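Notes follow the structure.
Quick note: the coordinates plus some simple rules give every number you see, no bench work behind them. The shown structure was predicted, so the numbers you read here are calculated from the model rather than taken from an experiment. Note: ideal-geometry Cβ built from the backbone for every residue, glycine included; neighbour counts use all protein chains shown.
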Amino acid sequence: MSDFENAKSPASVSPRTWDFMETTFVSLIAAGVFVLAGQLTISIMLATDGGTTGLSPAQFEAVWMQGRWQGAGTIAAAPATVAVLWIAIRMIRRDFAEYLALKWPSAGELWRGVAIVTMVLVAESFVAYAVGQDVPQDPTAAPLLVVGDASGLLALLIGSCIAGPILEEFVFRGFMFRGWSQSFLGPIGAIVLTSAVWAVYHTQYDWFGRLEIFVVGLVLGHLRWRSNSTWLTVVLHSAMNTVYFFLIGPYI
């Protein structure tokens, strides 16, 4: 084989990764698709359920924040959002599972992750108590607790404890971390930035809640980096949300 042919062979070409700006752009597209798909789903469900149409943006946002609609919207929008990532990854001819580090963690990595996350959550609980942020939630002031009926409660459970964690981890600890960690940021910078964006993304929480999410994001980012497993962070994220799902309430 000639030197030219050898240089052009697939084995000699290193796999491409989306750079910082490209990763950011694709992530923004994914976020936009999530919002549009969720809004479309809720609009159809509202029109079918009670003939509610013509809501103002503020009214629609208030409806979206209710648990029953948020759960349904997340479930419906997740496939379209993940599809954006799949298309972007296939455009550079990378394997979807490999790019997002979708490998199952070892038992040791899983138990280590559970132990670390548990310690962090306990520490955050103590801090919340110390600064007076552990006040019980008032159901009338928490739209997330509004589920309406059993079907709404089930939609919230699936959306917040299964679809949501998978979607967020694929985007943040999977796609964004992959691109940003191989940019000028490096792994540590990518962990910090993905955690900050993840915290800002949760607009339903106050400053203290977002700070807690940022800290948890740092932990999940570290575990993703060390284990090279996004499934590990999906499992831990899902477990945390499931615990909170059964701790908060009552649902109305």
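Tabulated data for the structure shown
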| read-out | value |
| --- | --- |
| Calculated from backbone phi, Karplus (6.51, -1.76, 1.60) coupling profile of the range 153-166 in Hz, x at Gly/Pro | 5, 5, 4, 5, 4, 5, x, 8, 10, 10, 4, x, x, 4 |
| Residue order, fewest to most surrounding Cβ atoms within 10 angstrom, among 252, 213 | 252, 213 |
| Ranking of 231, 180, 104 by count of other Cβ atoms within 10 Å, fewest first | 104, 231, 180 |
| Cα-based equivalent ellipsoid, the range 16-247: semi-axes from gyration tensor eigenvalues, Å | 29, 24, 16 |
| Additional length obtainable on full extension of the chain from residue 182 to residue 211, 0.36 nm per residue less Cα span | 7.9 nm |
| Residues whose placed amide H lies under 5 Å from that of residue 148, excluding near-sequence neighbours | 252 |
| Order of 169, 61, 212 - criterion: other Cβ atoms within 10 Å of each residue's Cβ, fewest first | 61, 212, 169 |
| Karplus (6.51, -1.76, 1.60) ³J(HN,Hα), θ = phi - 60°, over the range 197-207, in Hz, Gly and Pro reported as x | 5, 4, 5, 5, 4, 7, 5, 6, 9, 7, 4 |
| Residue-by-residue Karplus 3J(HN,Hα) for the range 88-95, coefficients 6.51, -1.76, 1.60, Hz, glycine and proline x | 4, 5, 5, 4, 9, 6, 10, 6 |
| Nearest-0.05 FRET efficiency for residue 14 and residue 244, computed from C-beta distance (R0 45 Å) | 0.60 |
| Residue 202-residue 80 pseudo-label distance in nm [points 7 Å out on the Cα-to-Cβ vector] | 2.5 nm |
